[in-house]
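Derivation of every value follows stated rules applied to the coordinates shown; laboratory data play no part. Note that the structure is a prediction, hence the values are computed from the model and not measured. All Cβ positions, even for glycine, are placed from backbone atoms using ideal geometry, and neighbour counts span all protein chains on display.
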Amino acid sequence: MTNTTDAADICLILEGTYPYVTGGVSSWTHRLITHLPEFRFHLLCLVPDKEPRRWAYPKPENVVGQTDVGLSTLPADIRTAPFFGPSTPRSLFDDIAEFHHALLRGDPSEFPALYRKFTQVPDPSALFLDLLTSRSSWNILKDLYTRQFHEESFLDFFWMWRTTHVPLFRVLSLPIPEAGAYHAMSTGYAGMLGVMGHLSRQKPFLLTEHGIYTRERRIEIALAEWIGTQRFTGGTIRPVSETVRGFWMRIFEQIGRIVYHYADPVVTLFDGNRDVEIREGADPEKIRIIPNGISPSEPRPRNPRLPGEDRIVALVGRVVPIKDVKTFLQAAHIVGEQEASVRFLVLGPTDQDPDYVAECRELAESLDLEGRLSFPGNVDLSRYYPDIDVLVLTSLSESQPLVIMEAQASGIPVVASRVGACEELLTGRTPPDRSLGPSGILTGVGSPHETALAILKLLRDPLLAARMGDTGRRRMDLFYKETDVFEAYRTLYREKLAPWPA
């Protein structure tokens, strides 16, 4: 944890991204900070634990403070804590119970009153301990289980509770750094901290959503193998909404509703995100669309392909389940069976989900891709782009992928799953944009055969690939200028910081 005596203009709240993890959101955040040097930033970073971490980016001079919060970090004395002996007022536990029942009814309006009670507790560390270990907390857990989930595995329910509520209780017991405005990069726990800054400091709260947090959590929950699946009860299957899995989903949905209620504005990247946010409870009048942009650079010439030289097909992204690297590997196997002179690369960090990385390596081996596919890890992509013939994205969920924008700026045709803003990036967002034509091929989600066919089409038709690469470069030059993005945020910050001392 690092602090400073300088009050920041903007408290930037980040969960699992900048400055320790590379990726599209992290790169965007770094450029936002460095291109707005007139604003002072305090980084409030939510990380899995309190292990020391190294910055993945050069530290900007206008970052004047930083606070790291280990979301899953338990108090050091939790094992010796006197169970059933809370120091927190009983009335607060009553409010917590009522808040949870209200959430089950889809009503998040009890949160401000509950949060005010949290801020009145004199010892935040004791509060956190009581919320995890006291008899009152245990009784809330038992009551909730008995009322709605008694037909489910109690172990599943208990670990769902612990997984979601340790971070939530950690966040609710935190002091909020002073700043002129609070800007969260997602809903979820980061968004809750933004709401807390707004309520406790009476300062503006802004939200930017690249990907839709609740949608991504739904995907993760659906893929979680340890949560019990639906069970037969009296010859019927219980609806997901009444299961432990469903309750876990609703926790993030209702947290999202709280965040949307207090954020003004809610900034998102494209119309598809806006539609989802409205369905999740955001006020349409508060939503602003600010698409991502890319910085202009000298176009690097494509390296000429010599006769007989292997062509290169690359997936660029973190090796994590939501990127669905396995679909890419299966597509690579299909392509490789028909085109011998192709190499495949997975370019992205391999340290974020070691189990998934191991599964991908095992799958690659079983598909006989050894010698034709490699995992170079986190690399300088600018050195690879001149040699890539086709860039592939097989994600289950995306917002407005920076890697597609970078590839198109480099004149590379793209194959991407039809998620997020991929369709806009490959076919156009406005009538003038669409008039340019396609700059890649869209595929279904989780479809190795469709992905392979799209790759083969581009590899076997060099003129089509060149035309799409050319179109992508023009699309980026004309409609996705990074300077427009920074100017929009400069205006937004100035508007929100008008009462704040310079």
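Could you calculate, for the chain, the ratio of the Cα radius of gyration to the Kirkwood radius, expressed as Rg to Rh?
0.99
Could you tell me which of the pairs 50/481; 59/481; 59/326; 59/496; 142/286; 286/481 are separated by over 27 angstrom between their Cα atoms in the structure shown?
50/481; 59/326; 142/286
Would you mind getting me the FRET efficiency between residue 250 and residue 460? Use the beta-carbon distance for r and R0 = 51 Å, nearest 0.05.
Computed FRET efficiency for residue 250 and residue 460 comes out at 0.60.
Sum -39500 (n - 2.57) across every DSSP H segment of at least 4 residues in the chain, then divide by the residue count to get the 222 nm mean residue ellipticity, nearest 500.
-13500 deg cm²/dmol
Just to confirm a number: summing +1 for Lys and Arg and -1 for Asp and Glu over residues other than residue 208 whose beta-carbon lies under 12 angstrom from that of residue 208, what do you get?
Overall, the nearby charge balance is -1.
Treating the angle as unsigned and between 0 and 90°, give the value, to the nearest 10°, between the Cα long axis of helix 124-133 and the longest Cα principal axis of the chain.
Orientation of helix 124-133: about 90 degrees from the principal axis.
Taking the Cβ of each residue in 55, 161 as the centre, tally the other Cβ atoms inside 10 Å and list the residues starting with the fewest.
With the sparsest Cβ surroundings first, the list reads 55, 161.
Name the long-range amide H neighbours of residue 68: under 5 Å, sequence gap of 5 or more, or other chain; modelled H, no Pro or chain starts.
Here 2, 45 satisfy the definition.
Restricting to the chain, what percent of DSSP beta bridges are antiparallel, rounded to 5?
5 percent
Based only on the alpha carbon positions, what is the Kirkwood hydrodynamic radius of region 136-194, in angstrom?
Averaging 1/r across every pair of different Cα atoms and inverting gives 13.5 Å.
Once amide H atoms are built 1.01 Å from N in the peptide plane, which residues 5 or more positions from residue 415, or in another chain, come under 5 Å H to H?
Distant-sequence amide H within range of residue 415: 391, 392, 393, 441.
Over the Cα atoms of region 311-480, what is the Rg over Rh ratio if Rh follows Kirkwood?
0.95
What is the distance in Å between the Cα centroid of region 460-485 and that of region 367-407?
Using only Cα atoms to place each centre, the spacing works out to 17 Å.
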